Amino acid sequence: MFSGLHSNVFGQARPSPQPRALLEDALLFARAARNPAAPVLRPIPEDLPAPPRSPARPAAPRRARNSPVPVRFPSVDANLIAVLDRVPDEEFADDVPRCPLTLTVPRTPVTTPSGNCYDLSPLRKHIRTNAPYAKSPMTRQLLREEDLRPDRSALHHIERCAKKIWDDQQAAIQQASESASAAAAAAASSNAHDDNETDQTSNSMTLVKELWGRYKHKITMTHNDLTPTPKLIDAFLTDKHTDTMDVLEWHKEQIKKQSKKHLKEIHDVVSHSFEKEMVAWLNSYSRTTQQAGYTKRRSLTGFHPTLIRDAVSAILKEALK
């Protein structure tokens, strides 16, 4: 019974099993005879091949023991960088560091072995342009990119100053808005008589002139020969659809930004009739001062943004003097 060749689970012939294996087979057959419904559980043959193993993942490359650790250079917070771009450097305190290459407040302050603070982007460009003989702009010593280290003290100081300027600006805007709202509320609650309307206009102009006096000394004009006509000034002061306060707030924002962005928003603060008066005035100015190639414009969008800003500056100077 137990001699000869036996077959495995795959029906293949294999040598006679050992006595212990024969005993296990006999016990299984006896159990099956007593309970035919029970499944016959055979032991796993020892000669079955091992299941395939998944290929091992390649080991991650290790950094060499003596290789330098890459240095990370933190920059000023993105929200505060917008403040740095909008606020002139002169408004920052004297103790805020300036980059010797750009003479501006650094966005990513770094320090050199000599202890001087720079902005990373222009200094890195200077080193790579003059490599391998790049020298420090301040000490004239050889300087490599590996010598730079983040200046976290300057970074925190710059962020504190930028946040303070931002908070001061928001407080000033809030105060002006509250003053304007209070003036408007007082005007709405007053009687509609002509004398009361005159008083309201006078109070509003007093507030506008007060706000104008706070920053008019910071204005610099490219077109200093712009002189608005009396007709234009009268149209600006009497136009019921042009709010002088809105024009002043728009102009103040443009003076702070010193950029061409959003200059087309002048359409949102002046009426269509006053825009036509400005276009006629600027066309006349351009015709008498422009060089060859002058083209008549039909709207303010056709003029250079700097000319538009200077034109509003000239109008405000004449109207609020």
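What follows draws every value from the coordinates through simple rules; no lab data is involved. Computed from a predicted model, the values in this text were never measured in an experiment. Reconstructed Cβ throughout: ideal geometry from the backbone, glycine too, with neighbour counts over all protein chains shown.
Each label point was placed 7 Å from the Cα along the Cα-to-Cβ direction; for R297 and R149 their separation is 5.3 nm. Remark: K252, K218 ranked as K218, K252, counting other beta-carbon atoms within 10 Å and listing the fewest first. Taking label points 7 Å from Cα along the Cα-to-Cβ direction, K218 and V71 give a separation of 3.5 nm.
In this rough spin-label picture, where each label sits 7 Å from Cα along the Cβ direction, the R160-Q141 distance is 2.8 nm.
Residue-wise HN-Hα couplings along the stretch 114-125, as the Karplus relation 6.51 cos²θ - 1.76 cosθ + 1.60 with θ = phi - 60° gives them from phi, are 7, x, 7, 9, 10, 8, 4, 4, x, 5, 5, 5 Hz; Gly and Pro carry x. Radius of gyration (Cα atoms) of the stretch 78-156, expressed as a multiple of 2.2 N^0.38 Å: 1.11. Karplus-based coupling profile of the stretch 298-304, in residue order and whole Hz: 9, 8, 5, 5, x, 9, 5, with θ = phi - 60° in 6.51 cos²θ - 1.76 cosθ + 1.60 and x standing for Gly or Pro. The slack between K321 and L23, meaning 0.36 nm per residue of separation minus the straight C-alpha distance, is 95.5 nm. Segment A93..Q170, full-extension length gain: 25.9 nm, with 0.36 nm per residue of separation and the alpha-carbon distance subtracted.
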